[in-house]
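Structure record follows, encoded as structure tokens.
The values are calculated or read from the model by the stated rules, or taken from the named source; none is laboratory data. What you are looking at is a predicted structure, and each value in this text was computed from that prediction instead of being measured. Quick reminder, even Gly has a Cβ in these numbers, built from the backbone with ideal geometry, and neighbours come from all protein chains shown. Heads up: the accessible areas ignore ligands, DNA and RNA and are worked out on the full protein's heavy atoms, side chains in. Shrake-Rupley method; radii C 1.70, N 1.55, O 1.52, S 1.80 Å.
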Amino acid sequence: MITRFAPSPTGPLHLGHAFSAFQVWDLAQRLDGQVLLRIEDTDSTRCRSHHKDAICDDLTWLGLTWPKSVRTQSQHYDDYAAILDQLTECGLLYPCDCTRRQIKDAGATTGWDGLVYPGTCRTKPMSQAAPTDALRLNLSKALDSIKTPMTFTEIGPIHPGKHVVDPEQVLKNIGDPILRRKETGDPAYHLASPHDDALQSVTHVVRGMDLWRATYLHVVLQTLMGWPTPTYFHHDLIRDESGQRLAKISNSEALSVYRNAGHNVADLRALIGLHD
Ligand code: GLU
């Protein structure tokens, strides 16, 4: 069993990350597996390398350990470019320079995670792609090329069981996803994360319920690319007293605040509802 903790270094780790990290390491312990640490820093506008060092310090303070070799995604852009090339060869990508406003004005419907791209640029050839264009996956064409039924197994507490990924629902609720980001040309999370799970032989993905619907897209990409589909464990998100999700922007819950105030790991586990 191999799982991973895959934070994005956009700020200090907070209580929500600690909760997630404990879920990952606890499952690995129960299943006698190993946890890899992966730094998902492909959003060059938001990720900063000093946060990476702070993440490692915080995890160590939490008593968590991982093998020395840490995959830092920004060091592997060639890997993601190769996948984009492969998808281009199959005619499954197209360039897009639409703004959010334009997408709204084109009558985009709302899907699982916000606006569903209405396909405005879908007929643009890749030969016209500018380096600053986003690259989108033609989802309908991709799904047409998939001949096998798509499923995944969830072992988390909220929706345990086998789930079918219905192409019609995916099309209606996801829309053509961006695999290379606009302006920066950074590979998108939806490309880099499933790619790395396959590359690193990850058998179990543990993460928050905020990514539940992303899993449907990841299973499509895994099937398209011939990557194995891991087993998933989506945990609930911890909320503050007002029911709001703990956001990374709020510094008040940064783990360093608890560490500097003299709390220990047992205090912290109790605080987030994890009792040994
Ligand atoms: N990098 C993602 C985050 O920090 C986690 C993605 C995942 O676990 O698949 O939210």
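Tell me which residues, restricted to the stretch 12-32, are on the phi > 0 side of the Ramachandran plot and either touching a Phe, Trp or Tyr at 6+ places or on another chain (Cβ under 9 Å) or within 13 Å of the ligand (Cβ to nearest atom) (or both).
none
Taking interchain pairs and intrachain pairs at least six residues apart, which have beta carbon atoms under 7 angstrom, with the first residue in the stretch 176-201 and open to solvent by less than 10 Å² (accessible area, probe 1.4 Å) and the second near the ligand (Cβ under 10 Å from one of its atoms) and of a type in the set (Ser, Thr, Tyr)?
Final answer for the pair search is Asp186/Thr42; Pro187/Thr42; Ala192/Thr42.
Can you tell me which residue is farthest from Cys96 (Cα to Cα) among those in the stretch 112-160 that are open to solvent by 70 Å² or more (accessible area, probe 1.4 Å) and basic (Lys, Arg)?
Lys147
Among Asp176, Asp113, which is touching a helix residue (DSSP H, G or I) at 6+ places or on another chain (Cβ under 7 Å) and modelled with pLDDT under 95?
Asp113
So Thr148 ticks every box in (1) away from the ligand (no atom under 16 Å from the Cβ); (2) in a loop (DSSP other than H, G, I, E, B); (3) under 27 Å from Ser20 (Cβ atoms) but one. Which box is left unticked?
The failed condition is (3).
Out of Thr42, Thr10, which single residue is surrounded by fewer than 16 Cβ atoms within 10 Å (Cβ to Cβ) and within 16 Å of the chain's Cα centre (by Cα)?
Exactly one residue qualifies, and that residue is Thr10.
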